[in-house]
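The values are calculated or read from the model by the stated rules, or taken from the named source; none is laboratory data. What you see is a predicted model; the values in this text were computed from it and never measured. Because the Cβ atoms are built from the backbone with ideal geometry, glycine has one as well, and the counts that use them run over all protein chains shown. For the accessible areas, the whole protein counts, side chains as well, though only heavy atoms, and no ligand, DNA or RNA atoms are used. Shrake-Rupley method; radii C 1.70, N 1.55, O 1.52, S 1.80 Å.
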Amino acid sequence: NYTFNSGDRLEFNYDARFERLFAPYEISNDVVLPAGNYRFDRWGLEIGTSSKRRWKFDNQWHFGTYYSGRANDFQGAFQYKVAPNFQGQVSYNQTFARLHEGNFVSRVLGLRADYSVSPMLTFFNLIQFDNESRNLGWQTRARWILRPGREIITLFSQGWIKEYGSYGDPVFRAADRTLALKAQYTFRF
């Protein structure tokens, strides 16, 4: 990992992995990995620009063996700070896998918008779509810091499943909805 004085960085990785599947696992539609032990080696190259800039790029490329075959994984994100308290981000993640059990391409696209009303109140929004499950999801979070160590977090999420209508046109059907409230209090003694 090399970080320049500007804050930009360049990183090269090697990751030796071991995974044990206790039961067959459907890694993608119609691609099922049998139970067993899997050892594979992943290499990676990461390039990122400094977070102090108004715009920020992060790109990653991981390649090498993957379960019973090989895979290339590309990840990227572009973030833009519209103002000191508002930023947006577009991201993607694509995996191209060639396995003995079959080939697949997995894609996840994301859109993020975060707004800080003040240092004590921030709203986070994330929309994601992936081609494997054909799900579209939206999550919004509000984080309110009453005092340091005391905060309230409200979370709302909504999911939609992509289906095809009678004329073959894509239609999103509401799938699940969640509302959660979390209160955090830090005790100091």
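Which one of I161, I152 is aliphatic (A, V, I, L, M) and under 19 Å from P119 (Cβ atoms)?
I152
Please work out if A35 is over 19 Å from the mean Cα position of the chain (by Cα) and over 23 Å from S133 (Cα atoms).
No, not satisfied.
For region 5-17, check the following and say yes or no: at least one residue is open to solvent by less than 30 Å² (accessible area, probe 1.4 Å), in contact (Cβ under 8 Å) with a residue 12 or more places away in the chain and of a type in the set (A, V, I, L, M, F, W, C).
Among the residues of region 5-17, not one is open to solvent by less than 30 Å² (accessible area, probe 1.4 Å), in contact (Cβ under 8 Å) with a residue 12 or more places away in the chain and of a type in the set (A, V, I, L, M, F, W, C), which makes the answer no.
Where in region 28-142 are there strands (runs of 3 or more DSSP E), lying fully within it, with 2 or more residues that are in contact (Cβ under 8 Å) with a residue 12 or more places away in the chain, under 30 Å from L179 (Cβ atoms) and not hydroxyl-bearing (S, T, Y)?
Qualifying strands (runs of 3 or more DSSP E): 69-83, 86-99, 102-118, 121-130.
Exactly one condition in (1) surrounded by 12 or more Cβ atoms within 10 Å (Cβ to Cβ); (2) modelled with pLDDT under 95 is false for G64; which is it?
Only one criterion is unmet by G64, namely (2).
What residue, of L111, L126, is within 18 Å of the chain's Cα centre (by Cα) and open to solvent by 80 Å² or more (accessible area, probe 1.4 Å)?
Answer to the selection: L111.
For region 129-151, name all the residues that are in contact with a strand residue (DSSP E or B) (Cβ under 6 Å, 6 or more places away or on another chain) and open to solvent by less than 50 Å² (accessible area, probe 1.4 Å).
Scanning region 129-151 gives D130, E132, L136, G137, T140, A142, I145, E151.
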